[in-house]
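See below for the structure under consideration.
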Amino acid sequence: MLYRLNSIYSATEGEGIHIGSPQTFIRFQGCKVGCYNCDSKDTWSFRGGKMYTTEMVLEELAQQGFSSRKRRISITGGDPLDPEHRESLLELIGVLKKHGAWVNIEAAGNVIDHEVFDLVDFISFDFKTPSTKVLTPVEHIKEVVVKYSYKLQVKSVVFDNNDFEFVNGAKDQVYEALPDIDFPWILTPVFNYGEDFPKQRVHDIALWNESRGSHFRVISQQHKWIHGPNKKFI
Ligand code: SF4
């Protein structure tokens, strides 16, 4: 089996509820989702990246210190759930699980793949906001919450109050349909390429959340305030 990957690299998770956890990231090459504010446009082309065999992936992981104590793997992209990757993604997850990895999948929110989601240990599922110019059906959030709330975070990138109100409205629909299911919904304040740390934006989003019942967790992108927003991890 061959995998079209952008990169394999180790770093400390910079966003979401696992912030601060050292992980190895396996980044698929190729994405058709087209988020307006994507900070990884170099991962869009399905012709780029490099083809890896299973042996090459395992060798790279070994070089990066993969062990029973350092076994967290995050599969990201690009869009690892794109149909073009499906066969290799399933194979890769199987190989990683066989070697004792704890596997997170970064899902763009447009695809629900139960075979993949059943296999992984954790799902980071996006609910896109208007500033991304991509729409996630609220029904997708309900579907993953019902089945996977025990190993799920929903993440929304928030640029402004329009984004916040949009997510808040979606949250109301999900809570109304599923009043008894708890799961973390994360608001990630936008930290754009070339921008100074957006302290005011983070502050405003935290206040909007508090004034509307504190249903979300506001977590900014730690790796960008440590390394700057322009650093590429490869
Ligand atoms: S899904 Fe991810 S890689 Fe694809 S366009 Fe959106 S942010 Fe970029």
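Quick notes on this one:
- Out of D182, D196, sole residue that is at pLDDT below 95, charged (D, E, K, R) and either touching a helix residue (DSSP H, G or I) at 6+ places or on another chain (Cβ under 7 Å) or within 20 Å of V218 (Cα to Cα) (or both): D196
- Scan of segment 16-34 for residues that are of a type outside the set (V, I, T), more than 12 Å from the ligand (Cβ to nearest atom) and assigned to a loop (DSSP other than H, G, I, E, B), ordered by number: G16, H18, G20, S21
- Scanning segment 87-100 turns up no residue that is crowded, with 20+ Cβ neighbours inside 10 Å, within 18 Å of the chain's Cα centre (by Cα) and closer than 19 Å to V157 by Cα.
- Selection of segment 37-66 for residues being of a type outside the set (S, T, N, Q) and within 16 Å of the ligand (Cβ to nearest atom) yields C38, D39, K41, D42, W44, F46, R47, G48, G49.
- Selection from segment 195-214 of residues that are assigned to a loop (DSSP other than H, G, I, E, B) and either among the charged types (D, E, K, R) or touching a strand residue (DSSP E or B) at 6+ places or on another chain (Cβ under 7 Å) (or both): E195, D196, P198, R212
- In segment 37-57, the residues that are without any contact (Cβ under 8 Å) to a residue 40 or more places away in the chain and over 30 Å from D163 (Cα atoms) form Cβ pairs under 9 Å with partners that are within 12 Å of the ligand (Cβ to nearest atom) and not in a helix (DSSP H, G or I), at six or more places apart or across chains, as follows: R47/Q29; R47/G30.
The values are calculated or read from the model by the stated rules, or taken from the named source; none is laboratory data. Small disclaimer: the values here were computed from a predicted structure and weren't measured. Quick reminder, even Gly has a Cβ in these numbers, built from the backbone with ideal geometry, and neighbours come from all protein chains shown.
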